[in-house]
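In what follows, a structure is listed as structure tokens, so that the remarks can point back to it.
The values are calculated or read from the model by the stated rules, or taken from the named source; none is laboratory data. Just so it is clear, the model here is predicted, and its values are computed rather than measured. Glycine also receives a Cβ, built like all others from the backbone with ideal geometry; neighbour counts cover every protein chain displayed. What goes into the accessible areas is simple: the full protein's heavy atoms, side chains included, and nothing from ligands, DNA or RNA. Shrake-Rupley method; radii C 1.70, N 1.55, O 1.52, S 1.80 Å.
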Amino acid sequence: MAFSGALTITDLDDFLTPSQACIIPVRNKPSVTAEEGSTEIQIDSNNNYYEVSTYPTDNAGPGPSTSSAKKALEKAEINLNDCLACSGCITSTESLLITLQSQNEVLEFIKTNPTSTDPDAPCHSPRLPILSISPQTLASLSAAYSSATSRPPIPLLTLLRRIRAFLSQPEKGGWKVWDTTFARHMSLKETVTEYYERKDKKEKGKAAELPMLASACPGWVCYAEKAQGDLLHLLSAAKSSQGIVGALAKNWYGQKSHRKPNEIYHVTAMPCYDKKLEASRSDFYSSLYSTKDVDCVLTTGELDLLLQELGFEPYQPVSEEDVPSLIGSEESPYPEMLTHEGSSSGSYLATIIRDIQNNHPNPTRITTREIRGSTDNVEYLMHDSITGEVLFKGAKVYGFRNLQNLVRKVAKETGIGKAGRSGAGAGKLSLAVAARRRKAKVASNGDTGTSTPTSDAESIASLSLASGEDKKLDFVEVMACPGGCVNGGGQMKPVAVGSNGNEKMDMDVDEEGYTRPIPDEGTDIADVPSKTSSGLGGVEEGMRWSTKEWVEKVENIYWTGLPTPPPSPPLGASIIDTQIYQQTINGQSNGSNGHVHEAKSTDKNRTQQADQMAEQIVLDVCGEDSAKRWEFLRTRFRKVESDILAQGGVTLEAVKW
């Protein structure tokens, strides 16, 4: 888990311990009638709640209240769906989840699942095991293997093929091993479709549907449902890559292989623990077959432990391990390791930007700006190069601290939620503050002699930044972890060494058996360097389980042999026209040779093939039924806070999480 430690509840040991008695029964107490009189709540030594009447009854003597005036109250039950996913502490709910969804469960499945080669197997058919691995997980494993052996990192496709060859052996379980990039491709296509649907509604004067907030991060979704329910309608309904790959495995591939959903055992390997929360949602469960779309979610660290237990050798080569497949094969029915330019956290923002650019008749320019100098909080402005009109305003917001600022910003822009109800003057005040900041920035640049634009392009950039201050956001790529998904809480941790450079430091061990360089409670600041080689503070940026250097290494491996993301935008205005932007995203330069163009052409063919296959899959599963299509590709969000808090007349504003 990788939310900010700022949310840690320092006096809370565990949500389920008796020391922190749940007060929901008190809030749910029915109103007192005139006949009943007043009552009070008492708690006995066993932590049981009782409602005791303080109103004297007819048969009551001078002593204490009789037993008839004592009523036992039902205790509130807190389960996984009530978890706020704040990561301030590890609750027993999460510990239970780690126990239920871990490498031990998968090992037990391998031992108990009958195979066709087992002479003692029962007559019923064995469940088909499928493992879907995220590219962030592959990048983290490659970085860990490289650091542990001082050998070069393993390319993602090569590592995927080696894991597949190893786990496909009957004695290892006979697994089908896929990656999740095709599912991400379908998620991105549906996100773009939904964005245009929302934009059309807004242009027609309907209820505010923008900005559209990405919902691929389950930690952010969980927080929004528990604490920001008024913003839920802004969250994208498109399923995440895990949600779609679960539907593909159990529905489409199940039909293709003539298996029912409950005859498939589907496991995913993801970069964070919160994906376990996502898999437990009711939208991803089939009541007809009593099975989940994803039966078990392993973090990257848990997958590593599973592979170690089974004896995996990552540097053992296999045949055709680096040959990309353009069409579905017996090993993988989908195109493998599809590339999506932009970010290592799904590329949702970059995909929408690219689609708008491709459909706009005039050339466009992209202006980027870091907020408070953070690469985890960046605004993107797209404007027409000819007219100067701002066409789109988006942002990528990573890390819980930036996320909280985003919630306040969106609430002010839309008038939704507590921050949006602060009065009509709030909007004028924010504009005044923005004007002062622009004036201060111009004055600051004037000291260094950089305030005067030197070209028409820079003039357009300055105008774009000024007009962008007034334009509201259209789309935000939201991730709870600082640095994005490559820094997920379930990723491999950097190797901890002692002062001699060889031995590991004595540190505490997490649920997976890995050392974590923080104190027990997570409330104190560990002794880590305040600045890294990148110039950013590790603790200030929320790197509780990792370091900036390690995340940068995983990020680089993620893009090895794949399109690279654009460089970190400067603090001032920058001009990137459409062609340069696309070249930068794809790691090209003005001196691109024929090999680069050939690779770009091949990647374009793979993307077109993926588009065609995605459309065919939707047609195979849903036909022309729009309702089935919605259920297959989209999901719902629920305002949980109203169910838990409002029952007792308690509003969110009155509760301190």
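So in the stretch 371-409, with the set limited to residues that are over 22 Å from GLY488 (Cα atoms) and of a type in the set (D, E, K, R), which one is surrounded by the most Cβ atoms within 10 Å (Cβ to Cβ)?
Among those that are over 22 Å from GLY488 (Cα atoms) and of a type in the set (D, E, K, R), it is LYS393.
Given (1) crowded, with 19+ Cβ neighbours inside 10 Å; (2) modelled with pLDDT of 95 or more; (3) of a type in the set (Val, Ile, Thr), where does VAL192 come up short, assuming only one miss?
(1)
So how many residues does the stretch 278-291 have that are part of a loop (DSSP other than H, G, I, E, B) and under 30 Å from ASN487 (Cα atoms)? Walk me through it before giving the result.
Within the stretch 278-291, the first condition is being part of a loop (DSSP other than H, G, I, E, B), and the residues that meet it are 280-281, 287-290.
Next, only the ones that are under 30 Å from ASN487 (Cα atoms) stay: 280-281.
Within the stretch 278-291, residues that are part of a loop (DSSP other than H, G, I, E, B) and under 30 Å from ASN487 (Cα atoms) number 2.
Yes/no per residue for (1) under 28 Å from VAL618 (Cβ atoms); (2) of a type in the set (Lys, Arg); (3) not in a helix (DSSP H, G or I):
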site	(1), (2), (3)
ALA139	no, no, no
ALA165	no, no, no
GLY174	no, no, yes
GLU190	yes, no, no
TYR195	yes, no, no
LYS199	yes, yes, no
LYS202	yes, yes, no
GLY219	no, no, no
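Just checking, which of GLY205, GLY174 is crowded, with 17+ Cβ neighbours inside 10 Å, more than 19 Å from the chain's Cα centre (by Cα) and farther than 19 Å from GLN357 by Cα? I'd like the intermediate steps shown before the answer.
Details: GLY205 fails: crowded, with 17+ Cβ neighbours inside 10 Å.
The match here is GLY174.
For the stretch 99-138, name all the residues that are at pLDDT below 90 and of a type outside the set (S, T, N, Q).
Hits for the stretch 99-138 are LEU100, PRO114, ASP118, PRO119, ASP120, ALA121, PRO122, CYS123, HIS124, PRO126.
Looking only at residues that are of a type in the set (Asp, Glu) and part of a helix (DSSP H, G or I) in the stretch 607-636, which one is surrounded by the most Cβ atoms within 10 Å (Cβ to Cβ)?
Checked the stretch 607-636; the qualifying residue surrounded by the most Cβ atoms within 10 Å (Cβ to Cβ) is GLU631.
Can we say ASP283 is modelled with pLDDT under 90, open to solvent by 30 Å² or more (accessible area, probe 1.4 Å) and not small (Gly, Ala, Ser)?
Spelling it out, ASP283 is indeed modelled with pLDDT under 90, open to solvent by 30 Å² or more (accessible area, probe 1.4 Å) and not small (Gly, Ala, Ser).
For LYS275, only one of the following conditions fails: (1) assigned to a loop (DSSP other than H, G, I, E, B); (2) buried (at least 23 other Cβ atoms within 10 Å of the Cβ). What is its number?
For LYS275, the exception is condition (1).
With the structure loaded, tell me whether SER215 is closer than 21 Å to GLY488 by Cα, in contact with a helix residue (DSSP H, G or I) (Cβ under 8 Å, 6 or more places away or on another chain) and assigned to a loop (DSSP other than H, G, I, E, B) or whether it fails that test.
Yes, satisfied.
Mind checking which pairs have a first residue in the stretch 295-308 that is open to solvent by 10 Å² or more (accessible area, probe 1.4 Å) and a second that is not in a helix (DSSP H, G or I), Cβ under 6 Å, 6 or more apart or different chains?
ASP295/TYR265; ASP295/HIS266
Would you check which residues across the stretch 216-264 are among the charged types (D, E, K, R) and open to solvent by 20 Å² or more (accessible area, probe 1.4 Å) and list them?
First, pick out the residues of the stretch 216-264 that are among the charged types (D, E, K, R): 225-226, 230, 239, 250, 256, 259-260, 263.
Residues satisfying the conditions are ASP230, LYS256, ARG259, LYS260, GLU263.
For LEU277, state whether it is in contact with a Phe, Trp or Tyr (Cβ under 7 Å, 6 or more places away or on another chain), touching a residue at least 40 places away in the same chain (Cβ under 8 Å) and under 30 Å from LEU473 (Cα atoms).
Taking the combined requirement at face value, the residue does not satisfy it.
Could you list, in sequence order, the residues of the stretch 286-322 that are at pLDDT below 90 and of a type in the set (D, E, K, R)?
GLU320, GLU321, ASP322 - these are the residues of the stretch 286-322 that are at pLDDT below 90 and of a type in the set (D, E, K, R).
Answer yes or no as to whether ARG161 is closer than 22 Å to THR300 by Cβ, open to solvent by 20 Å² or more (accessible area, probe 1.4 Å) and not hydrophobic (A, V, I, L, M, F, W, C).
yes
For a quick check of your reading of the model, give me the residue pairs whose first member lies in the stretch 202-225 and is over 24 Å from SER344 (Cα atoms) and free of Cβ contacts under 8 Å to residues at least 60 places away in the same chain, whose second is open to solvent by 10 Å² or more (accessible area, probe 1.4 Å) and in a helix (DSSP H, G or I), with beta-carbon atoms closer than 6 Å and at least 6 apart or on different chains.
Short answer, once both residue conditions are applied: GLU209/ARG198; GLU209/LYS201; GLU209/LYS202.
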